[in-house]
Amino acid sequence: MAPKVAAGFVIFRYASSKIEYLLLQTSYGIHHWTPPKGHVDPGETDLMTAYRETQEESGLKKADIKVFEETKTTLNYKVKGKPKVVHYWLAELINPDAKVKLSNEHQDFKWLPLKEACEISGYQDMEDVLNKFDEFLRKERNL
Ligand SMILES: Nc1ncnc2c1ncn2[C@@H]1O[C@H](COP(=O)(O)OP(=O)(O)OP(=O)(O)OP(=O)(O)OC[C@H]2O[C@@H](n3cnc4c(N)ncnc43)[C@H](O)[C@@H]2O)[C@@H](O)[C@H]1O
């Protein structure tokens with residue numbers, strides 16, 4: 001069975017020596033928290049999807065973020081018994097004036113430090129991605 005494929009960005013902001021990650025809370029289902037992401041449409045690359053879904057779900061545009069393309073990381077899990085693949089990249093909010101604007105797919109958002117982001121993410125594999133990206137970032141910034 002071909003898996004459903006989705007793609008998105010784990011977006012962080014870095015200000016006053018603090019790193020915070022953006023998570024959105026779905027307005028449906030069990031109201032889980034997730035980075036902006038969504039299904040890859042026909043004809044799209046995974047990266048195109050990540051930009052499109054990020055803009056649709058958070059209002060953050062391509063020019064508002066910087067993507068670290070070398071961080072592409074893939075999650076595999078099952079939704080209602082069917083395989084799903086989700087590709088994530090780390091991305092930095094580079095426009096300090098950009099504001100998050102939710103679509104009707106989400107009811108809340110939070111910028112959270114690593115520990116709280118891991119706690120709220122609710123899935124071990126998502127937690128692993130957050131930890132991996134945080135480690136990458138600390139090395140990259142000498143933090
Ligand atoms: N229950 C529902 N009721 C009404 N409308 C719904 C719905 N679920 C989806 N929709 C509709 O589908 C659209 C979403 O489409 P998209 O916006 O295109 O897709 P998505 O971000 O991948 O959404 P989704 O929430 O389904 O994915 P996730 O894998 O996080 O989550 C899918 C499931 O996997 C679980 N999950 C998330 N991350 C996981 C992980 N790492 N490991 C295991 N399970 C995980 C989640 O808790 C969730 O149960 C929305 O517009 C909405 O209308």
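The values are calculated or read from the model by the stated rules, or taken from the named source; none is laboratory data. Quantities reported herein were computed from a predicted structural model and do not represent experimental measurements. Here Cβ is always computed from backbone atoms with ideal geometry, including for glycine, and neighbour counts include all displayed protein chains. Please note that ligands, DNA and RNA were not included when accessible areas were found on the heavy atoms of the full protein model with its side chains. Shrake-Rupley method; radii C 1.70, N 1.55, O 1.52, S 1.80 Å.
Figures for the structure shown
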{"quantity": "Candidates LYS99, LYS84, LYS115, LYS139 - the one that is within 16 Å of the ligand (Cβ to nearest atom) and surrounded by fewer than 16 Cβ atoms within 10 Å (Cβ to Cβ)", "calculated": "LYS84"}
{"quantity": "Every residue from region 27-59 that is open to solvent by 50 Å² or more (accessible area, probe 1.4 Å), within 12 Å of the ligand (Cβ to nearest atom) and under 20 Å from LYS101 (Cα atoms)", "calculated": "TYR28, HIS31, HIS32, HIS39, ARG52, GLU56"}
{"quantity": "Residues that are in a helix (DSSP H, G or I) and surrounded by 12 or more Cβ atoms within 10 Å (Cβ to Cβ), drawn from region 121-136", "calculated": "SER121, ASP125, MET126, GLU127, ASP128, VAL129, LEU130, ASN131, LYS132, PHE133, ASP134, PHE136"}
{"quantity": "Some residue of region 61-75 being farther than 11 Å from ALA91 by Cα and in a loop (DSSP other than H, G, I, E, B)", "calculated": "yes"}
{"quantity": "Any hit, region 21-44, residues being of a type in the set (Asp, Glu) and over 18 Å from LEU130 (Cβ atoms)", "calculated": "yes"}
{"quantity": "Conditions (1) within 14 Å of the chain's Cα centre (by Cα); (2) farther than 14 Å from SER58 by Cβ: number failed by TRP111", "calculated": "(2)"}
{"quantity": "Lone unmet requirement of (1) under 20 Å from ASN131 (Cα atoms); (2) within 15 Å of the ligand (Cβ to nearest atom); (3) out of contact with any helix residue (DSSP H, G or I) (no Cβ under 6 Å at 6 or more places or on another chain) for LYS72", "calculated": "(2)"}
{"quantity": "Residue selected from region 1-16 under the condition surrounded by fewer than 21 Cβ atoms within 10 Å (Cβ to Cβ) and away from the ligand (no atom under 12 Å from the Cβ), by the criterion modelled with the highest pLDDT", "calculated": "ARG13"}
